[in-house]
Amino acid sequence: MKIIKKISDMQEFSRQARLDGKRIGVVPTMGFLHSGHTSLIDRARAEADVLIVTLFVNPAQFAPNEDLDTYPKDFKRDRELCEAHGADVLFAPTPDEMYYPDQSVWINEEKLSQKLCGAGRPVFFRGVCTVVAKLFNITLPDFAVFGQKDAQQALIIKRMVRDLNFPVEIIIGSLVREANGMAMSSRNRYLDNEQRRNALAISEALHQVEKDIVTFHIHNKEKIMIAISKQISSAGGEVDYVSIYDAETLDDISDKSKRILIACAATFGKARLIDNVVLDLNN
């Protein structure tokens, strides 16, 4: 596995791979990899002739009061996992390599990013869209794999690719959970044992909704959101949001909706955690 840190070297590598007729897949990550990440790498490996994993903690998506300085890092372990799961290249640039000191061009998505995580993190998706666009221009992939845990992000990246005509197929990999049901996240490491037990309320509440959806009926979505919020709050979590939207558009649910997204974010201790379930409607 090659480790590349310079943009020019990465572009040269990818240009040559494309000239050789290779199908390039990329999995963008911020490192501190877990089984959720490696499932995306495995998915990409199955379809790529050349597989690139990017490892970059993107400062542009962090607000001043967020955890950029403490975001977990373990480059040695990340490198070993990427190699074990068949990556051909690990692209690991520095912030100085990725951003000019006077960078003044940014990408804003102006609809899907206005709710859920975007409502409370106004710079987040500007940073995400900009860095993903840059990574696409650097790695020149035929396809990219993102995770369902970041459901809003996945929809926004799909919209960016559509609206800006990127020749990149977006593949969404399944959400991966720990054995106890908690959604895998690099930020889970912030939790102590008690907080980890309490934070299970997020996934338990969502899974309870899956079981009870026939009883509640989706048109009574307020009852569903209140039930989820109460369960998380009762476990000591600070609820950021619980929302229910059309899973394809993030619009309010209508008769045309085929799938619904039930998404939530809550903080336990220092960890802001997100989770979601997607349910099919019998239209």
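The values are calculated or read from the model by the stated rules, or taken from the named source; none is laboratory data. Please read these numbers as outputs of a predicted model, since none were measured by experiment. Positions of Cβ are generated from backbone atoms using ideal geometry, with glycine treated the same way; all protein chains shown enter the neighbour counts.
Evaluated against (1) more than 24 Å from residue 239 (Cβ to Cβ); (2) surrounded by fewer than 20 Cβ atoms within 10 Å (Cβ to Cβ); (3) in contact with a Pro (Cβ under 6 Å, 6 or more places away or on another chain), residue 189 falls short on exactly one condition, (1). Scanning the stretch 248-260 turns up one or more residues that are within 30 Å of residue 139 (Cβ to Cβ), in contact (Cβ under 8 Å) with a residue 12 or more places away in the chain, touching a helix residue (DSSP H, G or I) at 6+ places or on another chain (Cβ under 6 Å) and surrounded by 16 or more Cβ atoms within 10 Å (Cβ to Cβ).
Of the residues making up the stretch 121-164, those that are among the hydrophobic types (A, V, I, L, M, F, W, C) and closer than 15 Å to residue 56 by Cβ are 128, 129, 131, 132, 133, 135, 136, 138, 144, 146.
Going by what's in this entry, would residue 233 be described as surrounded by 13 or more Cβ atoms within 10 Å (Cβ to Cβ), free of Cβ contacts under 8 Å to residues at least 12 places away in the same chain and either out of contact with any His (no Cβ under 8 Å at 6 or more places or on another chain) or of a type in the set (Val, Ile, Thr) (or both)? Working first, answer last.
On the way: surrounded by 13 or more Cβ atoms within 10 Å (Cβ to Cβ): yes; free of Cβ contacts under 8 Å to residues at least 12 places away in the same chain: yes; either out of contact with any His (no Cβ under 8 Å at 6 or more places or on another chain) or of a type in the set (Val, Ile, Thr) (or both): yes.
The answer is yes for residue 233.
If you filter the stretch 60-118 down to residues that are polar (S, T, N, Q) and closer than 29 Å to residue 48 by Cβ, you find that the one that is surrounded by the fewest Cβ atoms within 10 Å (Cβ to Cβ) is 94.
Contact map, the stretch 82-103: residues that are on the phi < 0 side of the Ramachandran plot paired with residues that are assigned to a strand (DSSP E or B) and surrounded by fewer than 20 Cβ atoms within 10 Å (Cβ to Cβ), Cβ distance under 8 Å, separation 6+ or inter-chain. Pairs shown: 88/2; 89/2; 89/3; 90/2; 90/3; 92/3.
Applying the criterion of at least 3 residues that are of a type in the set (S, T, N, Q) and over 20 Å from the mean Cα position of the chain (by Cα) to the helices (runs of 4 or more DSSP H) found wholly in the stretch 82-196 leaves an empty list. Here's a check for you: in the stretch 236-246, which residue that is assigned to a strand (DSSP E or B) and not polar (S, T, N, Q) is surrounded by the most Cβ atoms within 10 Å (Cβ to Cβ)? Per the criteria, the residue is 242.
In the condition set (1) within 19 Å of residue 259 (Cβ to Cβ); (2) modelled with pLDDT of 95 or more; (3) among the charged types (D, E, K, R), residue 212 is compliant with all but (2).
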